[in-house]
Amino acid sequence: MTYQGERARSMESENGRFFEVSKVRIGPDGHVSDVLWGEVKADADKAVGTSVLATALEVVDAIHAGAHVAAVFPSKDRRAERALVVVEHLDGRQCIAFDGQPSPGRNLSDLDRLAD
């Protein structure tokens, strides 16, 4: 598989790769349309490369391919806190959302926004 941006290198599987989402753009339908993300070394919480803009579809593809994707909320102690998962709607569309129940101060609306 090959992808744009941060994930441009060809790989058979995304297993063992970790990405952090630091900013989102919410589309008119209320779902995430774009993200700012970068790959990190899970054992060191250290960036592998620079953060890049990606579509929500790229994130969906990465999750389906086995990557772990989590959000980083604005704070002084930057760390990934909530995992993102793929949600399928009744009409077949897929989007990304947080795994689990809503958490005060740790929802999509609490992430930094990408400028339009």
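Is at least one residue of the range 26-37 outside any loop (DSSP other than H, G, I, E, B), under 9 Å from the mean Cα position of the chain (by Cα), more than 19 Å from D110 (Cβ to Cβ) and at pLDDT 90 or above?
Scanning the range 26-37 turns up no residue that is outside any loop (DSSP other than H, G, I, E, B), under 9 Å from the mean Cα position of the chain (by Cα), more than 19 Å from D110 (Cβ to Cβ) and at pLDDT 90 or above.
Consider S22 carefully, then state whether it is touching a Ser or Thr at 6+ places or on another chain (Cβ under 8 Å) and either part of a loop (DSSP other than H, G, I, E, B) or at pLDDT below 75 (or both).
Taking the combined requirement at face value, the residue does not satisfy it.
For the range 50-93, what are the residues that are surrounded by fewer than 17 Cβ atoms within 10 Å (Cβ to Cβ) and polar (S, T, N, Q)?
Scanning the range 50-93 gives T50, T55, S75.
Which members of the range 55-111 meet the condition of being assigned to a helix (DSSP H, G or I), within 14 Å of V21 (Cα to Cα) and modelled with pLDDT of 90 or more?
Correct list: A56, L57, E58, V59, V60, A62, I63.
Suppose the filter is hydrophobic (A, V, I, L, M, F, W, C) and in a loop (DSSP other than H, G, I, E, B); does A115 pass it?
Criteria met by A115.
Would you be able to tell me the number of residues in the range 80-116 that are under 22 Å from A47 (Cα atoms), of a type in the set (D, E, K, R) and out of contact with any Phe, Trp or Tyr (no Cβ under 9 Å at 6 or more places or on another chain)?
Residues meeting the conditions: 1.
The values are calculated or read from the model by the stated rules, or taken from the named source; none is laboratory data. What you see is a predicted model; the values in this text were computed from it and never measured. Methodologically, a virtual Cβ is constructed for each residue, glycine included, from the backbone with ideal geometry; neighbour enumeration extends over all protein chains shown.
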